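The values are calculated or read from the model by the stated rules, or taken from the named source; none is laboratory data. Given the structure is predicted, the values throughout are model-derived calculations rather than measurements. Here the Cβ is made from the backbone with ideal geometry for all residues, glycine too, and neighbour counts use every protein chain on show. Just the protein is used for accessible areas: all its heavy atoms, side chains included, with ligands, DNA and RNA removed. Shrake-Rupley method; radii C 1.70, N 1.55, O 1.52, S 1.80 Å.
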Amino acid sequence: MAESSKKRKGTSSTTAAASHRRHGPSKAPTALIHPSLSSPRSSTLFSLDDQRLWYNSQFPSRIILDPKYLDTDFFNDETFDCYQVFQNSGLVDFMSLKLPYYPELVKIFYSNLKIQDGIISSEVHGISMIIDQSLFFSLTILPSQGAPFEGTIVDDWKFDYSSHDACRMVCNDQAEMTDRLLAGSLTFDCRIMHYIIVRILLPHSSNLAQASEEDLILMWAFLTGCQINLAHLVRYRMHKALRANAPLPYPQLVTLFLHHFQIPLDDEPFVQVK
């Protein structure tokens with residue numbers, strides 16, 4: 001698992017989704033610039049005044065969730081049942097995405113983001129990005145078959161799922177069954193699974209040491225082999241970030257979109273993920 005990111009500035013040399021784990025060296029640090037209504041830079045970032053107004057009123061102070069990635073070399077040398085579960089679910093490519101991200105452009109991407117009928121649309125530097133389900137799959141390799149999980153139990157699972165039985169499935173023998181499911185109560189392998197879920201798949205900004213009902217349902221679904229529409233789940237989490245003051249997830253994924261649509265990145269401040 002990767003450690004905390006360290007901020008740097010520079011130019012990324014990544015040129016395609018197929019090589020999205022490689023990036024170029026950084027240049028000397030420069031200060032992040034927040035576009036104002038009158039700055040020359042603002043006119044290149046936005047094509048409409050309404051976009052600038054919305055961004056400046058809602059997004060400059062937004063928190064970007066600190067991204068992590070799965071170190072596949074480590075997991076290939078170790079034995080973890082959860083890693084096999086993630087492989088079987090088609091998640092490893094997405095979870096091992098290692099790209100620098102561009103804080104200002106991530107916020108602009110989300111400020112212009114719309115998701116409707118599984119189609120993502122946004123605009124950065126005046127360049128429109130339309131990501132339909134087919135393109136989303138080709139960039140992320142996330143499966144789109146299965147239940148459209150959105151944090152609560154789905155109808156197809158209601159007859160099989162029990163919160164009590166799910167807790168017993170993921171907890172160690174010494175755990176007390178209480179209303180709060182702490183990570184320390186999980187078996188070792190389920191603790192690894194939970195950590196990966198809350199830091200990569202469904203990144204949280206707080207309460208990382210406590211498994212929510214959403215976390216529990218998702219672990220149960222993975223462990224019992226339920227098929228999950230993971231592409232829908234990631235798009236759903238992106239859409240939730242449009243709420244007022246919500247933290248912004250998946251900055252590396254945004255970088256993947258920026259590269260695909262050839263958004264100018266020269267001299268853009270970026271953060272290197274470590």
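Things to note:
- The lone exception for residue 138 - which of (1) among the polar types (S, T, N, Q); (2) assigned to a helix (DSSP H, G or I); (3) without any contact (Cβ under 8 Å) to a residue 12 or more places away in the chain it fails: (3)
- Boolean, residue 245 is closer than 30 Å to residue 129 by Cβ and at pLDDT below 95: yes
- Filtered residues of region 198-230 (kept if farther than 18 Å from residue 84 by Cα and small (Gly, Ala, Ser)): 205, 206, 209, 211, 212
- Selection count, region 191-224, where residues are within 18 Å of residue 151 (Cβ to Cβ), assigned to a helix (DSSP H, G or I), open to solvent by less than 60 Å² (accessible area, probe 1.4 Å) and touching a residue at least 40 places away in the same chain (Cβ under 8 Å): 13
- Selection over region 236-255 of residues that are farther than 19 Å from residue 55 by Cβ and crowded, with 20+ Cβ neighbours inside 10 Å gives a count of 2.
- Qualifying positions in region 144-176 - under 19 Å from residue 88 (Cβ atoms), touching a strand residue (DSSP E or B) at 6+ places or on another chain (Cβ under 8 Å) and assigned to a loop (DSSP other than H, G, I, E, B): 146, 149
- Remark: residue 231 falls outside the filter, which requires a residue to be touching a residue at least 12 places away in the same chain (Cβ under 8 Å), surrounded by fewer than 21 Cβ atoms within 10 Å (Cβ to Cβ) and of a type in the set (Gly, Ala, Ser).
- Filtered residue count, region 131-190, keeping only those that are open to solvent by less than 20 Å² (accessible area, probe 1.4 Å), within 30 Å of residue 255 (Cβ to Cβ) and of a type in the set (A, V, I, L, M): 5
- Count of region 82-131 residues which are outside any strand (DSSP E or B) and in contact with an Asp or Glu (Cβ under 6 Å, 6 or more places away or on another chain): 3
- Enumeration of residues in region 55-74 that are surrounded by 19 or more Cβ atoms within 10 Å (Cβ to Cβ) and more than 19 Å from the chain's Cα centre (by Cα): 55
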